[in-house]
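Here's the structure we're looking at; comments come further down.
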Amino acid sequence: MHELSMAQGIIDAVLQTAENNKAMEVNEVYIEIGRLAMINPEQLKFMLSVLVENTIMEDAKINIEEIPIEIRCSQCDFHGNAILDDEDHYAPLVKCPECDSQKISILNGKDCIVKNIVIEKPDDD
Ligand SMILES: [Zn+2]
């Protein structure tokens, strides 16, 4: 399943960052999912909750934000957010909202990234 490998990748990235910063615990994780990353946020959240067991991010609050798809249209030169046909979450049809063309370049919205994490460090004294 796609969400499973994605969840594992996110956890690896978070734990690596936490380790580099000598964190004792990860309190919060902020994740951005592009609408074209083909990720179901609920499933991803579930996978994460299972996979974080026995790690320092076990009790972390997971915040997932879906980000829109940014496009440039080769037909009319529109630049901005595409409107998605929401009928099918996994195979969205991306079109230019101005002229309905599908000749577009996708500039943003294909990735799933860890945007930020909040960690707890040992007291410096
Ligand atoms: Zn257009």
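Readers should treat all values here as calculations from the given coordinates under stated rules, not as data from a laboratory. It should be emphasised that the depicted structure is a prediction, and the values quoted were computed from it without experimental measurement. Positions of Cβ are backbone-derived with ideal geometry, glycine not excepted, and every protein chain shown enters the neighbour counts.
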Rounded tilt (10° steps) of 41-51 against the dominant C-alpha axis of the chain: 20
Across the chain: Cys residues that no other cysteine approaches within a C-beta distance under 4.7 Å: CYS112
Alpha carbon convex hull of the chain, volume per residue in cubic angstrom: 109
Loop-resident sites, segment 1-93, for GluC sites (Glu not before Pro), counting at most 13 other Cβ within 10 Å (DSSP): GLU53, GLU58, GLU87
Added length on full extension, which subtracts the Cα-Cα distance from 0.36 nm per residue, GLU98 to ARG72: 8.3 nm
Nearest 10 degrees, 0 to 90: helix 2-20 Cα axis against the chain principal axis: 50
